[in-house]
Each structure stands twice: as structure tokens, then as C-alpha cells.
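Working notes, beginning with the structure itself.
Values in this text are rule-based calculations from the coordinates and carry no lab data. Bear in mind the structure is a predicted one, so any value in this text is a computation, not a measurement. Cβ placement follows ideal geometry from the backbone for every residue including glycine, while neighbour counts extend to all protein chains displayed.
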Amino acid sequence: MRVAVLSDVHANLHALEAVLAEVDAAAVDAIWFLGDLVGYGPRPNECTALLQERASICLAGNHDLVVLGKISIAAFAGEAAAAATWTRSALDETARTFLESLQPQGDVTGAQLFHGSPRDPVWEYVLSEEVAGESFERTSAPLVLVGHSHIALELSNGRELRGGQAPAGTRLALGSVRRLLNPGSVGQPRDGDARAAWLEIDEEAGWATFRRTEYPVERTQAEMRDVGLPEVLAARLAHGL
Ligand code: ZN
């Protein structure tokens, strides 16, 4: 089976559409999504509808849960809170109902999926050696997939913990060591590459490839300004930070 792993779309429809076009060109069998469909961006309903239709696994992220009111908006500061408040008012009933059905973690044969980390699937970032080690200890599947940090990352747990950021085109062999992978973010990358990030997994061939996809950033920025989302959130998309 070939799988496209997507995370952190954050209501950026132009990024999602560009990624789905490449996903279709790659003729994958399934799409797995690791959470944060909404928050920050201007098109929450369209993004939710698209992944409801296309993804066979869909997790909830911390932004989704705040927008639904399952977590208090006080958990966010500044622009994230402003964007969550706007998203609450913009979310339609169909999108709300779908988001309500999601959990922040999931399991499939051969892989365990979390929005944050195995220890705290909603909030914890896997960005330190300590959390990475803990994440391998708390799981047993050959492949652990996480989102949330918006940074494409690959870690392996053979004789020792190894890994780091995974720039575009990074290809890893699967099977010999356990791996923890973060595809990066479709809709708001934070690793210095403004292109939409995703991960392609080919289970039979035994590899995972980190992919980046160009999209019209300025169209998403214009939509954000139109609906009055904070300027700093629009500006950062151009830099991938
Ligand atoms: Zn996120």
C-alpha cells in the first residue's frame, strides 16, 4: 500500500488543493491526516469537507479541539486565539459535526498516529531527544507518525536515537529500524521552506519520502486579509516560519 501522510492543514485551501493534486499524481491508495484541519487559515469549511471525503484516517489537533470548544480558547495566546475565535464564527454545521467525531490519536496495521506525542497526543511537541525517546518507549509499531510542530522530522531508534529535520526529497528505508516521522505542515510550514509539506510512504517498496509542493501563497494571504485574520499569520506563510 502507498500512503500520503498530511498534517496541519490549518484551513489553507490553496495549499491543500496543490498537495492533493500531487497526491493524485502519485496514485497513492490512502491519505492519513494527523490533525489541525482548522485554525489560523481562512477556509476551514472547504478544507474539512475535502479531507472528510478524501482521508481514510483523520485525527483531531489542538486547534480543532479549541475551535469546537472542547478546550478553552484561553489555552491560546495572541493570534492563535484571535484566529480560533474567527474560526468558531465561520465554521458550518457539517464541518463541526465531522470535527466532533475525531480523536487526537489512531492506529493502523504497522503504524501508530498522534497529533502531538504518544504521551500527550493533543499538546506535546516531539522536538527534543527526551520526548523522542519517551515516544519510542510508549509505542511498539514500526512506524510512529506525529504532526503538531509543523517541522518535517525523521527520527530512528536502532542502537541509538538518531535523526533531525527532513528537507524536501529526504528518502528513508523502512523496516530495519523503528521510525518516528513528522510530515511537516501542509498549511503553515515552520521549518524555513514555505512550500506545503507532506510525506509519501510506500509500504511494499519499503521507503518514505518527504515531499514539498509549491502553492499560490499570495491567494491564501489575500483571503486571510479579506476576512480580517491577523496580518502576522498571513505574512509568515511567505517565509515558512
Ligand atoms: Zn498545527
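Just a few scattered comments:
- Looking at region 202-241, the pairs of alpha carbons with a distance over 17 Å make up 47% of the total.
- GluC sites (Glu not before Pro), loop per DSSP, at most 16 other Cβ atoms within 10 Å - longest free stretch of the chain: 1-159
- Of G110, G133, G187, the one that fluctuates the most in a GNM where the chain has Cα springs shorter than 10 Å: G110
- Rg and Dmax of the chain, both derived from C-alpha coordinates alone, stand at 16.6, 52 Å.
- Normalising the average separation of contacting C-alpha pairs (under 8 angstrom, six or more residues apart) by the number of residues puts the relative contact order of the chain at 23 percent.
- Largest-first principal axis extents, alpha carbons of region 101-229, Å: 50, 29, 28
- The DSSP beta bridges internal to the chain are antiparallel in roughly 65% of cases.
- Charge dipole of region 68-173 about the Cα centre (unit charges at C-beta), most positive-ward option of L99, G69, S117: L99
- Near S156: Cβ cut-off under 12 Å, other residues only, Lys/Arg at +1 and Asp/Glu at -1. The net charge is +2.
- Over the chain, dividing the summed -39,500 (n - 2.57) contributions of all DSSP H runs of at least 4 residues by the number of residues returns a 222 nm mean residue ellipticity of -9500 deg cm²/dmol.
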